Amino acid sequence: QQQVKQSPQSLIVQKGGISIINCAYENTAFDYFPWYQQFPGKGPALLIAIRPDVSEKKEGRFTISFNKSAKQFSLHIMDSQPGDSATYFCAATYGNKLVFGAGTILRVKS
Amino acid sequence: GAGVSQSPSNKVTEKGKDVELRCDPISGHTALYWYRQSLGQGLEFLIYFQGNSAPDKSGLPSDRFSAERTGGSVSTLTIQRTQQEDSAVYLCASSLGGGILEQFFGPGTRLTVL
């Protein structure tokens, strides 16, 4: 019940394309749904987060879509660039805990 | 320093040995978290400190794992009698007031148990 399931495991997108990563959860007590970006040799960094009472949040080229009834949320990266190549993690918070998905390795081909 | 620092960056040890991993949080950050990232998996919560106390140790996988924090700053994660399944990247994060989304992560310590 504490899991967050993430797909796909890896993704290759052409430069300028849209990258889409999906996550699903079971626990309706989760407070926030953040996305993290991690480059090799670095720790994850918060990218964008959404509350469960909001259906969409956009920051620059990054958009979270949230479907509360389906218990699913997704990250869309518009106009994907080679510099976006990284591992992306969805997560959910409850109390002082972050529960992470397994990660998606994104490669943007130039 | 400007960010969270961890040492060593890499640690190779033999099965059965004890290891200590160190985390230096951002100055002034009262909350400190430890996570474990196994190959191909997401981060797994281990322990949370607020100041020097650890109100949540629920993620520690066994009694071989322990952590302490002194002076409200540096934290040490100790793994006793290491096993091969302990091989992972151990990440530390800190936040100013415990805000769960305001965590800044360090680069991690890659632990390899032979």
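The values are calculated or read from the model by the stated rules, or taken from the named source; none is laboratory data. In this text the structure is predicted, and so the values were computed from the model without any measurement. Quick reminder, even Gly has a Cβ in these numbers, built from the backbone with ideal geometry, and neighbours come from all protein chains shown. Protein only, heavy atoms only, side chains kept; ligands, DNA and RNA dropped before computing areas. Shrake-Rupley method; radii C 1.70, N 1.55, O 1.52, S 1.80 Å.
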Exercise for review: For peptide B:36-48, compute the average count of partner chain beta-carbon atoms within 10 Å of each residue's beta-carbon.
Suggested key: 4
Practice item. Send over a whole-number figure in Å² for the accessible area per residue of region B:5-113, probe 1.4 Å. Key: 45
Point to revise | Only Lys, Arg (+1) and Asp, Glu (-1) charged, at Cβ; region B:5-113 dipole about Cα centre in debye | key: 180
Check your understanding: Where Lys and Arg each count +1 and Asp and Glu each count -1, what net charge lies around B:Gln84 among other residues with Cβ under 11 Å from its Cβ?
Key -> -2
Exercise for review: From the P(r) of region A:4-109, can you give the percent of Cα pairs sitting at distances over 20 Å?
Suggested key: 33
Review point. Counting only protein heavy atoms, what percent of the accessible surface of region A:4-109 is carbon or sulfur at a 1.4 Å probe?
Key: 50
Review point. Can you give the relative contact order of region A:34-91 as a percent, counting alpha carbon pairs under 8 Å and 6+ residues apart?
Key: 37
Review point. What ³J(HN,Hα) values, in whole Hz, does the Karplus curve 6.51 cos²θ - 1.76 cosθ + 1.60 give for region B:35-43 when θ = phi - 60°, with x put for Gly and Pro?
Key: 10, 10, 10, 8, 4, x, 10, x, 6
Check your understanding: In Å², nearest 100, what accessible area do chains A and B bury in total when the solvent probe is 1.4 Å?
Key -> 1400
**Study point:** Peptide ranges A:86-98, A:10-22 listed from the most packed, as the mean C-beta count within 10 angstrom indicates
**Key:** A:86-98, A:10-22
**Study point:** Per-residue average of Cβ from other chains inside 10 Å of B:96-102
**Key:** 3
Practice item. Calculate the tail of P(r) for chain B: the fraction of all Cα-Cα distances greater than 17 Å, expressed in %. Key: 49
Exercise for review: Enter the mean number of other protein chain beta carbons within 10 Å of the beta carbon of each residue in A:42-48, as an integer.
Suggested key: 6
Exercise for review: Compute from the Cα atoms of the protein assembly as shown the Rg and the Dmax, the latter being the longest Cα-Cα distance, and quote both in angstrom.
Suggested key: 17.6, 50
